[in-house]
Amino acid sequence: VWHKCVDIVTAGLKRVAEIGTMMPDPHGYRRYCFTPLVAWTADLPEQLMIACVSKSASPVTEATHKQFGDSHSHSSRTGDLTLQRIEQVARGTHPWNNLSRFQREAKTIQLSGVHLPFWRNWPFADPSIFLLPEILHTCHKFFFDHVLSWCRELLEDDLDARFKCHHKRVAVRHFAGGVSHIKQMTGREHRDIQRTIVPMIAGCVPPRFLRAIRAIISFIYQAQSPIHTDTSVKEMESSLQEFHAHKDAIIEANARKTRSAGTKNDFHIPKLELFHSFAAAIRNNSGLIQYTADVSERLLITHCKRPFERTNKNKD
């Protein structure tokens, strides 16, 4: 249903992408323009929905669940490849004849069961290109869900003690109550903890564990640069490779745990796999910071959540 709705809404853009139209530029001159789909800001679940793949696969590469922790990148999951696989399933079981069977067979090859993606007839549209890494959810949320969790597991109360005794300084947030008790944070708090997490754990963790954390923090900061060069992109990739080279220290320290499965010996983390696509995305679309969801998430609060609080709370 979602793809059908977007298909209808973007019909005009698809037509202009194919034949072009006259548009005024900022100076008032008319230009002959086209509207290809260049970038789409979305978090991971939305990217999976747009790319028409299941949760056990990457939306932009051919990697599947057990490959999410690999230290190398996988081949791109191009739009043509996805459309070919959808057509392959449809030849055996057409969705209009047996939808449930079509969806079951689609899921066996990491498809979500969508028959007609909205981008199928959008000239030059390719999910592996226009689905860009999103800094807020991919980096900062990854830090809170995983990196900070690893540090908590290893240091326990010592981490809070270090944050509490941190000297107050202008422009640096002081967590007087520690950080372990916070169940839900905003992107601002994620950033504040990232700024000091490396010195906070230094001296209390194994050297290779510290090096892995420092490397992934460096990667997150480098990915947010508004301007990139070939050298800066290579340095960013080097930081990611350094993390992969030392990530086994996190498992050795028994810091990789989940509530449901307990201690884990793998890094099958979807967002970790997405980090491999950062370099290509930067080369294609320049700095990723311009596509962050910070603005839209803030507008969601000011234009949706707060006005809703002034209503009778009736969602219908």
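Every number in this text was worked out from the coordinates using simple rules, so none of it is lab data. Bear in mind the structure is a predicted one, so any value in this text is a computation, not a measurement. Note: ideal-geometry Cβ built from the backbone for every residue, glycine included; neighbour counts use all protein chains shown.
Looking at region 97-106, can you tell me whether even one residue there is assigned to a helix (DSSP H, G or I), surrounded by 20 or more Cβ atoms within 10 Å (Cβ to Cβ) and not polar (S, T, N, Q)? If you could, list the steps in order and put the result at the bottom.
Start the filter on region 97-106 by keeping residues that are assigned to a helix (DSSP H, G or I), which leaves 99-106.
Retained after the next criterion (residues that are surrounded by 20 or more Cβ atoms within 10 Å (Cβ to Cβ)): 102, 106.
Filter once more, so that each one left must be not polar (S, T, N, Q): 102, 106.
Looking for residues that are assigned to a helix (DSSP H, G or I), surrounded by 20 or more Cβ atoms within 10 Å (Cβ to Cβ) and not polar (S, T, N, Q), one finds at least one in region 97-106, hence yes.
Looking at region 172-195, which of the residues that are over 16 Å from ASP145 (Cβ atoms) and under 23 Å from the mean Cα position of the chain (by Cα) is surrounded by the fewest Cβ atoms within 10 Å (Cβ to Cβ)? Even if it seems obvious, please write down each step before you answer.
Keep residues of region 172-195 that are over 16 Å from ASP145 (Cβ atoms), which gives 172-178, 181, 188, 192, 195.
Now drop any that are not under 23 Å from the mean Cα position of the chain (by Cα), which leaves 188, 192, 195.
Values: ARG188: 10, ASP192: 17, ARG195: 14.
The qualifying residue surrounded by the fewest Cβ atoms within 10 Å (Cβ to Cβ) is ARG188.
Within region 13-29, work out how many residues are of a type in the set (Asp, Glu) and touching a residue at least 40 places away in the same chain (Cβ under 8 Å).
The first filter runs over region 13-29 and keeps only residues of a type in the set (Asp, Glu), leaving 18, 25.
Subset that is touching a residue at least 40 places away in the same chain (Cβ under 8 Å): 18.
Residues flagged as of a type in the set (Asp, Glu) and touching a residue at least 40 places away in the same chain (Cβ under 8 Å) within region 13-29 amount to 1.
Within region 183-216, track down each residue that is part of a loop (DSSP other than H, G, I, E, B) and in contact with a Cys (Cβ under 8 Å, 6 or more places away or on another chain). Write out each step before concluding.
Residues of region 183-216 that are part of a loop (DSSP other than H, G, I, E, B), as a first pass: 183-186, 202-206.
Scanning region 183-216 gives a single hit, VAL205.
With the structure loaded, tell me whether THR64 is in contact (Cβ under 8 Å) with a residue 40 or more places away in the chain, within 27 Å of the chain's Cα centre (by Cα) and within 23 Å of ARG104 (Cβ to Cβ) or whether it fails that test. If you could, list the steps in order and put the result at the bottom.
Numbers: in contact (Cβ under 8 Å) with a residue 40 or more places away in the chain: yes; within 27 Å of the chain's Cα centre (by Cα): yes; within 23 Å of ARG104 (Cβ to Cβ): yes.
Here the answer is yes, as THR64 does meet what is asked.
Any residue in region 1-12 that is without any contact (Cβ under 8 Å) to a residue 24 or more places away in the chain and more than 16 Å from THR35 (Cα to Cα) sitting within a Cβ distance under 8 Å of a residue that is surrounded by 14 or more Cβ atoms within 10 Å (Cβ to Cβ) and of a type outside the set (Lys, Arg)? List the pairs, counting only those 6 or more apart or interchain.
No pair meets every condition.
Quick one: which of SER277, SER296, SER286 is under 24 Å from ARG77 (Cβ atoms) and surrounded by fewer than 16 Cβ atoms within 10 Å (Cβ to Cβ)? I'd like the intermediate steps shown before the answer.
Numbers: SER277 fails: surrounded by fewer than 16 Cβ atoms within 10 Å (Cβ to Cβ); SER296 fails: under 24 Å from ARG77 (Cβ atoms).
Going through SER277, SER296, SER286 in turn, just one is under 24 Å from ARG77 (Cβ atoms) and surrounded by fewer than 16 Cβ atoms within 10 Å (Cβ to Cβ): SER286.
Taking region 148-171, which residues are surrounded by fewer than 22 Cβ atoms within 10 Å (Cβ to Cβ) and closer than 21 Å to PHE219 by Cα?
Passing the criteria: LEU148, SER149, ARG152.
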